[in-house]
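Structure record follows, encoded as structure tokens.
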Amino acid sequence: MILSERLKQEREKRNWSQHDLAEKIHVSRQSVSKWETGKNYPSIEVIIHLSDLFQITIDELLRSDEELKEKIIRDSKKLAFPKRKVFFDSVFLIGSFLLVFKLIILGLNKFVGTDITFLEGMPAVSNFLPLALMLIGGIASDYLKDKYVS
């Protein structure tokens, strides 16, 4: 039995309307209708709430619905995606900021005649750190995008 049939069966067993169920789990009646017709699936949080409400295990709700199991796996991967992507996007932005900062200093030194130095004793760091950060952040962010977005 797929989830849509199981939800309808459990709701009708308790003599609840779609509206009654929707109120109990704080969603719209249209959402319940879409779940019962198989046009959409509830989120994992709602599935947990439904499991508690119907006093059946999540396994009983999900076990036979292959499409829903795949959706939950995709959704769980997407939960990990934003945190990692934000980190690597930040690394890229820091590298970009450092590169722009370095270019501004070079421009000031050349055209205004200032003598500003940026990590004077470590030219390799000052020259390659911004590019390394941009490269690492960009590659990792792109890898995560390809890995987690289906």
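We did not get these values from a lab; they are worked out from the coordinates using the rules stated. Remember, predicted model here, so these are calculated numbers, not experimental data. Note that we place each Cβ from the backbone using ideal geometry, even for glycine, and neighbour counts take in every protein chain shown.
Seen through its C-alpha gyration tensor, with square-root eigenvalues sorted a ≥ b ≥ c, the stretch 3-64 comes out rounded because a/c lies under 1.5. What's the longest bit of the chain with no exposed trypsin sites (Lys or Arg not before Pro), using DSSP loop states and at most 12 other Cβ atoms within 10 Å as the test? That gives 40-150 as the longest site-free run.
Straight-line cross-link partners of K71 among the lysines, defined as a Cα under 18 Å from its Cα and at least 8 positions apart when in the same chain: K34, K39, K145, K147.
Can you sort V100, V27 so the residue with the fewest Cβ neighbours within 10 Å comes first?
Exposure proxy ranking, most exposed first: V100, V27.
Seen against the Cα atoms of the chain and their longest principal axis, helix 123-148 is set at about 20 degrees.
The mean sequence distance of close C-alpha pairs (under 8 Å, at least 6 residues apart), as a share of the length of the stretch 3-64, puts its relative contact order at 33 percent.
Counting pairs of alpha carbon atoms under 8 Å apart in space and at least six apart in sequence, what relative contact order in percent does the stretch 1-112 give? All intermediate terms of the calculation are to be shown ahead of the outcome.
Numbers: 57 pairs, mean separation 25.2, N = 112.
Relative contact order here is 22 percent.
What's the angle, to the nearest 10 degrees (0 to 90), between helix 44-54's Cα axis and the longest principal axis of the chain? That works out to roughly 20 degrees. Build a GNM of the chain with springs between Cα atoms under 10 Å apart, and of E70, E120, E36 the one that fluctuates most is E120.
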